[in-house]
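Single-structure report; data block below.
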Amino acid sequence: MAELNKSFTPEGVEEKWYDYWIANKYFIADPGSETVPFSIVIPPPNVTGTLHMGHALNTTLQDILARWKRMSGFNVLWVPGMDHAGIATQNVVERQIASEGIDRHRLGRDAFVERVWKWKAEYGGKIIHQLKRLGASCDWSRERFTLDEGLSRAVIEVFVSLYEQGMIYRDNRLINWCPRCHTALSDIEVEHEEFDGRLTYIKYPLDGGDGHVVVATTRPETMLGDTAVAVNPEDGRYRTFIGKMVLLPLTGRVIPVVADESVDPKFGTGAVKVTPSHDFNDEAIARRQNPQLDFITVIGPDGRMTEDAGIKYANMDRYECRKAVLQDLKDSGLLVKQEKYRHPIGQCYRCKTVIEPLSTPQWYVKVQPLAEKAVEAVRNGQIKIVPKSWDNTYFAWMENIKDWCISRQIWWGHRIPAWYCKEMRNDICKNKNGIIVYRETPDGCPYCGSGDLVRDDDVLDTWFSSALWPFSTLGWPEKTPELKKYYPTSVLVTGFDIIFFWVARMIMMGIKFMDDVPFRNVYIHALVRDSSGQKMSKSKGNVIDPLVMMRKYGTDAFRFTLAAFAAQGRDIKFSEERVEGYRHFVNKLWNASRFILSNTEGANVPAEIDFEDLDIGSKWILSRLSAVTEELNKTLEEYRFNDAANSIYQFIWHELCDWYIEMVKPILYGESEYREPVRRCLLFVLERTLRLLHPFMPYVTEEIWQSIPGVKDEKPEDLRSIVISGYPKPFGRDRDAEDFMSVIMETVMAVRTIRGELNITPSLEMKVHIKTIDEKVKEVLIGNLTYIKKLARVDVIKIGAGTRKPKGSAIAVRSYVEVYAPLEGLLNIELEIDRLKKEDAKAEKTIALLNKKLLNEDFLKRAPGEIVKKEKEKYDEYMRKRERVRENIKKLYELGGKQ
RNA sequence: GGGCGGAUAGCUCAGCUGGGAGAGCACAGCCCUUACAAGGCUGGGGUCACAGGUUCGAUCCCUGUUCCGCCUACCA
């Protein structure tokens, strides 16, 4: 095969074949086809994104599944797309216009949103090109965007119907507020991290009397908004205080001491300052009191103190204010002490700004009823999570789920389809809360006819539209053929970091609106970390760029590395050396193919192959091929990507290359009757192997496959591709051939060991005598002398039961054979005795172990008969072996070895 | 505070339902044998974290301990 270069160069080849696949529409799904569907929706990457290791792993695994199923004859649809990523994208564009000196508020909402779309058209979706470079076999004709028209329709439909069913409501309560992004966040969008802080003890004097209460707080500045002090009703120390009033320092306000069971007497002083407007726990206390405590908001949406904080503090930044308050408390002698205290602080998951609890009106989804069904779906097996260990995480979260805050005070996103009737304030409108939720923009208030309507400014949480992804991308709410054919999707492949954000919500929404789960299986893959186990992040500077890996080592090697790393239930510590190793593997395959193709000129790859007229080596490799085929289908079915990768690696390198190719060389170069069958077999094995490997290494396999002459050439040109060539199925093992081969291999390795250990140069052809008591083994060896001669570089003088050890021979004892290599003059008797003694010691150790076991009556009585029999056989075998080894040592001594 | 996972060869990790441990890389020795030196052959290396328990038998199951990760949580 003159066309193949000496080594594989991915550049050019990758683009060439990707373009070819696209041009021939191999990835485009046909909902009209009768074949069994297999569908995946991609976890839509953010428009702002560039490909990172997580995407690379995620995409590779999905592509392996998609290609495998496509080759296996399924009707595969892999829907690609992107997420508009509300806050993240808005932040990016805000930064961009800031560099031009523009503020979004000055630009105005419509103009800003326009800018974001413009940005999206220009920079967004860079990641799509990168996914293509990875070889992703998505149906790009069905690419979707969470903010495109069809998806917006789905979002509105879901929102309005949930509202109509009372499952979406608006409420005013404390929410997580990001003062930088200027929006509400849901609970899971807050990341908790521990920091070294301080616990500040403050004295609150009793009003109209002696004495005081000391409270402890991590946020002294919020005291300006305190409306009570709470103690545990059972706490004897404070019992007399309950119901009394204390003087709130620095403000002159008088606030009550109240009782609440949530207060832990053991923490701090046992007395808590209560700031209902700025702390979730305090809000709960306030609402439990009768009458309810006052809410005084002292920190505003921008993180600055409000006027209610007092003239002195108003407009200060919250941290600046903390310093001021501490100083003032110190000055007034009310600051008792401060102690070091490590505690978690909530931060915005987009910008890491410290979250501020803030009381604002927001929209919520009542999730409990949805969650119950979603839990049930996993519990009863309608959805299978792999690995199973994630079930518990899922259940734990779902069972304690709180209502989902879905409104965001940003501009980039699905605007909430709600309007407020202004007239309602004048009691003209009969609509009790003035809220109008509509699928289309209403002309006027349907209740009072007023034309004075104002649309809600908020947009929906990005994850609201993502939650609909499995059916919105298939055309819902229309009844499309795609929806009918491909929903529920077959599998969702994703990282565990978005189980709550995304997976759980898709399940809830899918069941609610499609009356069926969104996917049958969920495969949760690991997080890719750096080689020392650290999370990759820009700030740590330990990010490995997938694009760099692909450029440096080729996409095939990179993909294979990811698959080989993807063991279930463990994070991936990525190391570049592994990629390098798999590049060697690509090269190995390449060269083996070169060898096969150049030695099979004139032959065509057969569609099927008959074991009968083949030599043992060929029967063996075919049997092994069938075994690995079975293994691959099985491991892929179980999402054991690493096992799949290792199996095919092992087969190609160590069975096909190290043994089979080496052993058939004499046949190929000589005039054996097996020459033609072997040539066919080589092509057959190569072609099937490439197909087995294709899902992992799409490019190099296609490149080689296209050079193999045979069946494909009869097909029309646009159907000639490994992509649609069919995934191999097991075709049967030949146990005899495998057994016989193991005898041959054992013999060859015995000679090689002698060579290696005694440092006999490979260029010297050794003469060996082989002793075996088994007639069948003898027959096999005699029938396959060519192999043994070639692989061990020996001339076999004698084989059989009566073979005796010639004088001055090196000896290797194996299960079925004993190999004697006469080495007159060459043999170092001492070295050889040492070697045999080592073997003797090994056997001795095993025998002792087995002996102990077999003398144990309990073992004989209770262990299964099959095991006992196996152990006995093993014992006998080792006894025989030891016997032979010892005999040989004795002979060597007789020959002159020193005792 | 609760929950989950990990601890196996120098390094990175496999080891599915318990019968006595594997790979890749690294290391050592020998080979440029006409597919591949990005290669071939051979070899060394592990009381499977620690302590108990269940069992005829435990790397595997149970309990506890230590050390690492991660998730989750309104102890101010």
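The values are calculated or read from the model by the stated rules, or taken from the named source; none is laboratory data. All values reported here derive from a predicted model rather than from experimental measurement. Cβ atoms come from the backbone with ideal geometry, glycine included; neighbour counts cover every protein chain shown. Calculation scope for accessible area: heavy atoms of the full protein, side chains included, ligands and nucleic acids excluded. Shrake-Rupley method; radii C 1.70, N 1.55, O 1.52, S 1.80 Å.
Rounding to the nearest 20 debye, state how big the charge dipole of region A:699-855 is about its Cα centre with +1 on each Lys and Arg Cβ and -1 on each Asp and Glu Cβ.
720
Calculate the FRET efficiency for residue A:873 and residue A:650 from the Cβ-Cβ distance with a Förster distance of 25 Å, rounded to the nearest 0.05.
With a Förster radius of 25 Å, E is 0.35.
Enumerate the amide H contacts of residue A:175 below 5 Å, restricted to partners 5 or more residues apart or on another chain; note that Pro and chain-start residues carry no placed amide H.
Sorted by chain and number, the residues that satisfy this are A:358, A:359, A:360.
Would you mind calculating the gained length between residue A:537 and residue A:576 on full extension (0.36 nm times residue separation, minus the Cα-Cα distance), in nm to one decimal?
Result: 12.3 nm gained on full extension.
Rounded to the nearest 20 debye, what is the charge dipole size of region A:312-452 about its Cα centre when +1 sits on each Lys and Arg Cβ and -1 on each Asp and Glu Cβ?
Roughly 480 debye for region A:312-452.
Please list, ordered by chain and number, the residues whose modelled amide H lies under 5 Å from the amide H of residue A:253; skip anything fewer than 5 residues away on the same chain.
It is A:248, by chain and number.
With θ taken as phi - 60° and the coefficients 6.51, -1.76 and 1.60, list the Karplus ³J(HN,Hα) couplings across region A:717-734 in order, rounded to whole Hz; mark glycine and proline as x.
3J(HN,Hα) across region A:717-734, in whole Hz: 4, 6, 10, 8, 7, 5, 4, 10, 8, x, 8, x, 10, x, 10, x, 9, 10.
Using the heavy atoms of the protein chains and a 1.4 angstrom probe, tell me the accessible area per residue for region A:195-239 in square angstrom.
The answer is 37 Å² per residue.
Please get the size of the charge dipole for region A:592-646, origin at its Cα centre, with Cβ charges of +1 on Lys and Arg and -1 on Asp and Glu, quoted in debye to the nearest 20.
Magnitude of the dipole: close to 280 debye.
With θ taken as phi - 60° and the coefficients 6.51, -1.76 and 1.60, list the Karplus ³J(HN,Hα) couplings across region A:663-672 in order, rounded to whole Hz; mark glycine and proline as x.
6, 8, 3, x, 5, 5, 7, x, 10, 5
Eigenvalues of the Cα gyration tensor times 5, then square-rooted: what semi-axes does that give for chain A, in whole angstrom, largest first?
Semi-axes (√(5λ), whole Å): 71, 37, 24.
For each pair in A:805/A:890; A:665/A:778; A:665/A:776, compute the distance between the two Cα atoms and list the pairs where it is over 19 Å.
Violating the 19 Å limit, Cα to Cα: A:665/A:778; A:665/A:776.
Within the set A:852/A:891; A:25/A:479; A:69/A:729; A:852/A:874, which residue pairs have Cα atoms separated by over 20 Å?
Violating the 20 Å limit, Cα to Cα: A:852/A:891; A:25/A:479.
First measure r as the distance between the Cβ atoms of residue A:15 and residue A:435, then evaluate 1/(1 + (r/R0)^6) with R0 = 41 Å and state the FRET efficiency to the nearest 0.05.
0.15
Whose amide H sits under 5 Å from the amide H of residue A:77, counting only residues 5 or more places off or on another chain, with H placed in the peptide plane?
Here A:38, A:39, A:40 satisfy the definition.
Please give the calculated 222 nm ellipticity per residue for chain A, where each DSSP H segment of at least 4 residues contributes -39500 (n - 2.57) and the sum is spread over every residue; nearest 500 deg cm²/dmol?
That calculation yields -13000 deg cm²/dmol at 222 nm.
At q = 0.09, 0.14, 0.20, 0.22 Å⁻¹, what is the base-10 log of I(q)/I(0) for region A:418-531 according to the Debye formula with one equal point scatterer per Cα and no solvent? Please give it to two decimals.
The computed values of log10 I(q)/I(0) come out as -0.42, -0.74, -0.98, -1.08.
Which order do the peptides A:641-647, A:859-865 come out in when sorted by mean C-beta neighbours inside 10 angstrom, highest first?
So the peptides A:641-647, A:859-865, ranked by packing, come out A:641-647, A:859-865.
Tell me the relative contact order for chain A as a rounded percent, counting alpha carbon contacts under 8 Å between residues six or more apart.
12
Answer with one residue from A:220, A:737, A:690: the one whose Cα lies farthest towards the positive end of the charge dipole of chain A, charges on Cβ with Lys, Arg +1 and Asp, Glu -1.
It is A:737, whose Cα lies furthest towards the positive end.
Hey, rough spin-label estimate for residue A:758 and residue A:804, points 7 angstrom out along Cα→Cβ, what's it come to in nanometres?
For the pair residue A:758/residue A:804, the computed spacing is 1.9 nm.
Checking the cross-link filter: which lysines have an alpha carbon closer than 20 Å to that of residue A:120, excluding same-chain neighbours under 8 positions apart?
A:132
Compute the distance from the alpha-carbon center of region A:478-535 to that of region A:540-618, in whole Å.
29
Full-extension gain between residue A:815 and residue A:294, please, as 0.36 nm times their residue separation minus the C-alpha to C-alpha distance.
Stretched fully, the residue A:815-residue A:294 segment lengthens by 178.8 nm.
In sequence order, what are the phi-derived ³J(HN,Hα) couplings for region A:555-560 according to the Karplus relation 6.51 cos²θ - 1.76 cosθ + 1.60 with θ = phi - 60°, rounded to whole Hz, with x for glycine and proline?
Once rounded to whole Hz, the list reads 5, 4, 5, 5, 4, 4.
When we measure straight from the Cα of residue A:573, which lysines land under 16 angstrom away, once same-chain ones fewer than 8 places off are left out?
Straight-line reach from residue A:573, under 16 Å: A:535, A:540.
Along the charge dipole of region A:606-734, Cβ charges K/R +1 and D/E -1, which of A:727, A:635, A:706 sits furthest on the positive end?
A:635
Tally up the carbon and sulfur contribution to the accessible surface of region A:255-399 as a whole percent, 1.4 Å probe, everything protein left in place.
With neighbouring chains kept in place, the figure for region A:255-399 is 50 percent.
Can you work out the FRET efficiency for the pair residue A:164 and residue A:484, with r the C-beta to C-beta distance and R0 = 22 Å, to the nearest 0.05?
Taking R0 as 22 Å, the efficiency between residue A:164 and residue A:484 is 0.30.
Got a sec? Charge dipole of chain A, +1 on Cβ for Lys and Arg, -1 for Asp and Glu; which of A:355, A:441, A:747 is way out at the positive end?
Checked the options; the winner is A:747.
Whole angstrom only: what separates the Cα centroid of region A:808-873 from the Cα centroid of region A:176-225?
74
List the aspartates and glutamates whose alpha-carbon lies under 18 Å from that of residue A:337, not counting same-chain residues fewer than 8 positions away?
Result set, ordered by chain and number: A:196, A:221, A:328.
Report the gain in length on full extension from residue A:706 to residue A:773: 0.36 nm times residue separation, minus Cα-Cα distance, nm rounded to one decimal.
Contour length minus the Cα-Cα distance gives 19.2 nm.
Rounded to a whole number, what % of the accessible area of region A:14-135 do carbon and sulfur atoms account for, probe 1.4 Å?
53
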